[in-house]
Amino acid sequence: MSTIQRAYKTELDLNNEQITACKQHAGAARWAFNWGLQRKQDAYRTTGKSPSAIDLHRELNALKQTQVPWMYAVSKCAPQDALRNLDRAFAQFFRRATLKQQGKLRGKLGSPKCKSKKRGLGGFRLTGALVVLPDAIQLPRLGRLRLKERGYLPTHAKIRSATVTEQARHWYVSVLVEQEHMVPENTGPVVGVDLGVKQLATLSDGHVEENPRHLKRRLQKLKRLQRAVARKVKGSQNRKKAARRLGTQYRHVANQRANTLHQFTSRLAKTKSVVVIEDLNVAGMLKNHRLAQAIGDVGFGAFRRQLTYKAAWSGCRVVVASRWEPSSKTCSGCGWVDSDLGLADRMFRCEQCGLLLDRDLNAAINLEHLAGSSPDRINACGGESAGTPHKTRVKRSPMKQEPNTVYPSG
Ligand SMILES: [Zn+2]
């Protein structure tokens, strides 16, 4: 028995008054974030030091009496948490800057930026007196908010925080709960998983998980909607309407994608005792434009993150094979390496033992072989890799569980 943290996300059913209150809270969080960012930058420029979230919160409290009295209408948690987020954003930025200096990071280095209403209302997090009822959640200042789905949020768990967010005019709440959890005994088989471009994944037992490609199927429509937005006069009502339609379409795609991935990773974690995956350099692969769309659609980074935390709950072990392991170029029968194998070659032909196998299946079998290999390769929490900035998040925030109940798409 161990205590785990787990997040449950579900849609809210708000009336107009509540929407206004939520917008106000999100606005306060955004304002605090932007104000804090400005304060930090100014202070750093003049003194070389920047104030912490606690300093800023104290300062903000004083400011409420004079400059921003409207902030009294929102829970003090919203701006407070936004300032903590700002601290985390800076910590992450400095961490990446160090990696970049050491040459371990190839990606871009973005410093924290101002949040704009134009890029979505965002959200806010509340702590304190939070009560979950079967069909509603009670939050400080906001009162009782109805839920669209009855009985999904756990009513008898210790609630750490609740985060309210907006996406394409739908409001969601995500509650972080602490639960007692018994890791079940997992007696499933060992499997190697080769993530692909054509298929979502090929398993070493021969199973092929088809790629959903929701984005591709909806790309035409998405493109049309994007053009429609671009044609409209800036600031006009028509442009706003077109942007809303585009947002809704994106939301559909994102929901379906999340759903497919969650179902796949859940199934793997629950039915296999060991899953061997390849440490793909996602950032590097995304630079290849021919592959970019399919990979972006499926979300390899999300795949690994989900699999890792779900495996921990299900008594499954995740083995991350080194990025330099030539799993697709090695014969799974005899170990011969085909150094000429290109991306276009769909079949693997062994010149030594004559093995002829689907390229992805061959790679998956090679990965399966690595399950029992030297312990330095085995790392249940994901290997050391600068290309995976999510690594540290695994411990901190467990993600939502069942996506099909998470976003009832409308
Ligand atoms: Zn061979």
Sorted by chain and number, the residues with a modelled amide H under 5 Å from that of Phe348, at a separation of 5 or more or across chains, are Leu357, Asp358, Arg359
From most to least accessible, 1.4 Å probe, no ligand or DNA/RNA atoms counted, Arg141, Arg160 line up as Arg141, Arg160
Set Lys9/Lys310; Lys40/Lys113; Lys9/Lys240; Lys23/Lys118, cut-off 19 Å on Cα-Cα distance; pairs above it are Lys9/Lys240
Taking r as the C-beta separation of Thr47 and Thr163 and R0 as 35 Å, the FRET efficiency to the nearest 0.05 is 0.55
With all protein chains present and a 1.4 Å probe, the order of Glu185, Glu11, Glu180 from largest accessible area down is Glu185, Glu180, Glu11
Residues whose modelled amide H sits under 5 Å from the amide H of Ser161, counting only those 5 or more places away in sequence or on another chain, are Leu176
Spelling it out for Glu149: with amide H atoms placed in the peptide plane at 1.01 Å from N, the residues 5 or more places away or on another chain with amide H under 5 Å from its amide H are Glu11
Calc'd 3J(HN,Hα), region 234-241, phi into Karplus 6.51 cos²θ - 1.76 cosθ + 1.60 (θ = phi - 60°), Hz, glycine/Pro = x, comes to 4, x, 7, 5, 4, 5, 4, 4
Quick tally, 1.4 Å probe accessible area for Thr165, Thr187, Thr265, Thr20, sorted with the most first, runs Thr187, Thr20, Thr165, Thr265
Mean separation of Cα contacts under 8 Å (at least 6 apart) over the residue count of region 89-209, i.e. the relative contact order in percent, is 15
Rounded to the nearest 10 Å², the 1.4 Å probe accessible area of Met1 is 150
Sequence order, region 156-163: Karplus ³J(HN,Hα) from phi using 6.51 cos²θ - 1.76 cosθ + 1.60, θ = phi - 60°, Hz rounded, Gly and Pro as x, gives 10, 10, 7, 9, 8, 7, 10, 10
To the nearest Å², the heavy-atom accessible area per residue of region 82-157 with 1.4 Å probe amounts to 64
For region 105-114, Karplus-derived ³J(HN,Hα) couplings (6.51, -1.76, 1.60; θ = phi - 60°; whole Hz; x for glycine and proline) come out as 10, 9, x, 7, 10, x, 7, x, 10, 4
If the chain between Tyr72 and Arg244 were fully extended at 0.36 nm per residue, the gain over the current Cα-Cα distance would be 58.8 nm
Arg227 and Trp336 label points (each 7 Å along its Cα→Cβ direction) are spaced in nm at 5.2
Nearest-0.05 FRET efficiency for Asp345 and Arg267 at R0 = 30 Å, using Cβ-Cβ distance, is 0.55
Excluding ligands, DNA and RNA, the carbon-plus-sulfur percentage of the accessible area of region 176-273 with a 1.4 Å probe reads 51
Honestly region 1-132 on the Cα gyration tensor test (a ≥ b ≥ c root eigenvalues; a/c under 1.5 rounded, otherwise a/b vs b/c for prolate or oblate) is just oblate
Distance in nm between Gln92 and Arg146 label points, each 7 Å along Cα→Cβ, equals 3.5
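The values are calculated or read from the model by the stated rules, or taken from the named source; none is laboratory data. Note that this is a predicted model, so its numbers are computed, not measured. Counting neighbours? That spans all protein chains shown, and the Cβs are built from the backbone with ideal geometry, glycine included. Ligands, DNA and RNA are excluded from the accessible area calculation, which covers all protein heavy atoms including side chains. Shrake-Rupley method; radii C 1.70, N 1.55, O 1.52, S 1.80 Å.
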